[in-house]
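Some notes on the structure that comes next.
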Amino acid sequence: MVEAQSWTTRRSSNPRLETSVDIPITPTGEVRYGTSNNIFAALSVTSIVSPTILTTLIIASWYLSNIGVLLLNKYLLSYYGFRYPIFLTMLHMISCTFYSLIAIRWFQIVPFQQILSRKQFFKILALSAIFCFSVVCGNTSLRYLPVSFNQAIGATTPFFTAIFAFLITCKKESAEVYLALMPVVFGIVLASNSEPLFHLFGFLMCVGSTAGRALKSVVQGLLLTSDSEKLHSMNLLLYMAPMAAAILLPFTLYIEGNVFAKTLEKAKDDSFMVFLLIGNATVAYLVNLTNFLVTKHTSALTLQVLGNAKAAVAAVVSVLIFRNPVTVMGISGFAVTIMGVVLYSEARKRSKVTVH
């Protein structure tokens, strides 16, 4: 009997309850289609580029895609006048569906997995609803808040993850882990009080987005627990994206009006908007693809460390591009939050070593 494959997964920069899952046996691309159809097998990148350079390029692509989608969202929603965050999120989900099909069924970057039961389908649907809430809140917050402050709030994800893990699973962390979360919260309080462009509704939306990401990571660990239900991150995205698009459709029509007609009308007068929307939706998928590639070529822990640094880099780049005002107190608050996230990561790592 062939042993089940073990994949290290990473769906986002948020800490998860489990980072290693056992996936049931799935025929590889070579078995299903033959080696001639596997493009990645036929064109071995590592034979052309050294592993070090390849890893560096992948990490750089991850940074560019993550920061790029943030800046593009901010530009579209705040500066360009495209005031439809729900519709924009739906475009992202449609893009992820389309590109996921190409990546998995054609390029075969991971083995394709099927939904095996109605129960599993509804579990993924529940995750899609939480995912929709998180992404819509995040995009909406960018209409009102600068990217720098948005990233500072987003860095508090570990705080919400610890709360939801305790409330839902009664999972308790060590005292050291909880103490490490104090500077995370204190830094945000400090940054909020001194943010020149503070907007209450935008702040609440950003907090909602951060809490939604944390809730998804906890619920995901609970719902897809059995070996037959666990899905690789890229396969999960393949199923979640179209479900999320279907959930968002009635909301964008009800809240944002006849957004399709409005978008087409604007596109006729301004063809650059079409380029922006397509580029934005494409980069949104690349965020997920590069997340997987960074984890594959490094580790989930490396991705978490890079995620902490990414928030700071995104904040600096956004200030340089959009020229939003910052204060010394705000920068200090952001720095304290990032320091708290680093301390939290180290405390959790030590806690796991002690337990094992």
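The values are calculated or read from the model by the stated rules, or taken from the named source; none is laboratory data. These numbers were taken from a predicted model, which means no experiment stands behind them. When we count neighbours, we look across all protein chains shown, and the Cβ atoms used for this are built from the backbone with ideal geometry, even at glycine. Accessible surface areas use protein heavy atoms only, side chains included; no ligands, DNA or RNA. Shrake-Rupley method; radii C 1.70, N 1.55, O 1.52, S 1.80 Å.
Structure above, values below:
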item: Residue, nearest to residue 121 (Cα to Cα), within the range 233-291, restricted to residues that are under 20 Å from the mean Cα position of the chain (by Cα) and either open to solvent by 80 Å² or more (accessible area, probe 1.4 Å) or without any contact (Cβ under 8 Å) to a residue 12 or more places away in the chain (or both); result: 246
item: Positions within the range 179-214 being polar (S, T, N, Q) and open to solvent by 70 Å² or more (accessible area, probe 1.4 Å), in sequence order; result: 193
item: Conditions (1) modelled with pLDDT of 90 or more; (2) small (Gly, Ala, Ser); (3) part of a loop (DSSP other than H, G, I, E, B): number failed by residue 12; result: (1)
item: Flag if residue 328 is modelled with pLDDT of 90 or more and either among the acidic types (Asp, Glu) or open to solvent by 50 Å² or more (accessible area, probe 1.4 Å) (or both); result: yes
item: Subset of the range 213-242 (residues that are among the aliphatic types (A, V, I, L, M) and closer than 27 Å to residue 167 by Cα); result: 214, 215, 218, 219, 222, 223, 224, 231, 236, 237, 240
item: Filter result (aliphatic (A, V, I, L, M) and closer than 19 Å to residue 187 by Cα) within the range 121-153; result: 145, 147, 152, 153
item: Selection count, the range 112-157, where residues are in a loop (DSSP other than H, G, I, E, B) and not hydroxyl-bearing (Ser, Thr, Tyr); result: 10
item: Filtered residues of the range 48-101 (kept if under 28 Å from residue 125 (Cβ atoms), open to solvent by 50 Å² or more (accessible area, probe 1.4 Å) and β-branched (Val, Ile, Thr)); result: 94
